[in-house]
1. Going residue by residue through segment 269-292, is there one that turns out to be of a type in the set (F, W, Y), surrounded by 17 or more Cβ atoms within 10 Å (Cβ to Cβ), modelled with pLDDT under 90 and touching a Leu at 6+ places or on another chain (Cβ under 9 Å)?
2. If L352 satisfies every condition in (1) within 32 Å of the chain's Cα centre (by Cα); (2) aliphatic (A, V, I, L, M); (3) more than 26 Å from N213 (Cβ to Cβ); (4) in a helix (DSSP H, G or I) but one, which is the exception?
3. Given (1) part of a strand (DSSP E or B); (2) modelled with pLDDT of 90 or more; (3) within 21 Å of the chain's Cα centre (by Cα), identify the lone condition not met by S133.
4. H305 fails exactly one of the following numbered conditions: (1) under 18 Å from V281 (Cα atoms); (2) modelled with pLDDT of 90 or more; (3) surrounded by fewer than 16 Cβ atoms within 10 Å (Cβ to Cβ); (4) not small (G, A, S). What is the number of that condition?
5. How many residues does segment 139-166 contain that are assigned to a strand (DSSP E or B) and among the hydrophobic types (A, V, I, L, M, F, W, C)?
6. Can you name every residue in segment 42-51 that is in contact with a helix residue (DSSP H, G or I) (Cβ under 9 Å, 6 or more places away or on another chain) and either at pLDDT 80 or above or not acidic (D, E) (or both)?
7. Name the one entry in V326, V282, V330 that is within 29 Å of D193 (Cβ to Cβ), in the same structural domain as E256 (by TED's automatic domain parsing) and of a type in the set (A, V, I, L, M, F, W, C).
Amino acid sequence: MGIVAFVALMGFIIWTEPPYGSFRCPNDYRTAEEYLDGLAKWASVELKKSPDITQEEMLAKRESLFIGHECEVSRWGGSDINTDAKNGTYQEMPSILQSADYGKDFKMYESDLGFSFKYPPHLVIRTFPDDPSHLYIVPSSRAKDSKEPLTSIIISVSDPDPEETPEEWLLGPNSGYTESLDRYGNYYKTSIDGQNAVYTDGGMWVVVNTRNNKYRLSIADLTEKDTSPLFTEMGIVIESLTFKKIPVVSNEVVSEFYGLPAEKRNQMLVEMIYAGEYKAVVNATNDGIEKYRDLVWEDLDFWIHRGVALFQLGNCAESGAAFYHVAVRVPEDKMVSSMMAKITNEGCKTPLDFSQQ
């Protein structure tokens with residue numbers, strides 16, 4: 001028993017996490033994801049302590065710590081990254097969240113194309129009239145001196161095929177991913193502000209569509225050889241990336257909405273429900289019933305989403321009518337039967353909880 005307890009204690013000592021953001025040798029991490037996450041946390045702490053630190057100074061400091069701790073050559077470098085995550089599986093991106101005041105000096109970029117993100121003050125955003133489909137995020141020092149080695153984040157905006165997911169585009173012939181496996185490694189599926197997305201090892205290439213799949217964003221680093229990539233900065237951009245919610249109010253937007261395939265329309269209704277935009281769902285479905293009856297009358301998902309939104313707003317009568325519309329067509333649907341029973345027995349006093357969805 002004494003030996004077993006000693007071994008267990010040693011295991012606890014070895015794997016207990018050190019203080020947040022403190023330096024650890026690369027091979028002290030158990031997986032590539034832990035290493036990349038730890039590297040991001042360390043770099044973000046250094047940026048917080050010294051906001052004006054340059055890339056060269058940060059690299060020099062890390063090299064000094066590497067030597068001082070007598071670290072071995074990283075086993076996570078190169079193309080032989082050992083990861084427990086399988087290619088193409090769903091994985092949360094590493095987080096760089098800090099204390100409450102972390103990021104208070106960040107700037108906000110808001111695009112007219114329906115997306116926004118934050119970025120640190122030592123970066124600047126460059127756009128060019130003859131290249132409207134790209135945003136270049138570069139260190140302010142590079143913006144002042146074009147001879148400085150290039151390290152940047154590029155956001156490419158394009159019009160996607162509405163039937164093509166970010167994953168399908170990444171694996172398709174137009175992305176260049178399959179020709180760049182040595183650089184980017186595996187890819188994983190995730191979600192960014194409710195939108196399906198994919199990212200590569202380390203999060204240095206992210207592909208995601210804006211609301212309504214109107215635009216595709218391809219966000220990647222562009223770094224010259226022997227120059228440090230903007231690893232932490234990329235994390236800040238991606239973690240703060242949000243998409244403008246689509247209010248279904250104007251005739252133009254309504255017409256566009258009902259010009260979409262039923263699957264896409266219903267996906268948007270679900271997103272609006274999760275965002276708490278119940279009135280927008282009701283307005284959209286009202287317009288569908290009044291102006292596009294032939295499209296929505298037998299679309300049962302449409303009526304379910306309408307019923308849920310009305311229930312959340314406390315309108316039991318119309319919510320029950322929407323669920324009844326489905327029940328008479330598919331009486332075996334247990335969810336619809338459950339909602340009708342709930343309305344009959346309890347009313348609409350207790351809204352549904354989507355926080356765990």
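1. Yes, because at least one residue in segment 269-292 is of a type in the set (F, W, Y), surrounded by 17 or more Cβ atoms within 10 Å (Cβ to Cβ), modelled with pLDDT under 90 and touching a Leu at 6+ places or on another chain (Cβ under 9 Å).
2. (4)
3. (2)
4. So the condition that H305 fails would be (3).
5. Count: 4.
6. W42, A43, S44, L47, S50
7. V282
The values are calculated or read from the model by the stated rules, or taken from the named source; none is laboratory data. On a predicted model such as this, the values are computed, not experimentally measured, just so you know. Every residue, glycine as well, gets a Cβ built from its backbone with ideal geometry; the counts of neighbours run over all protein chains shown.
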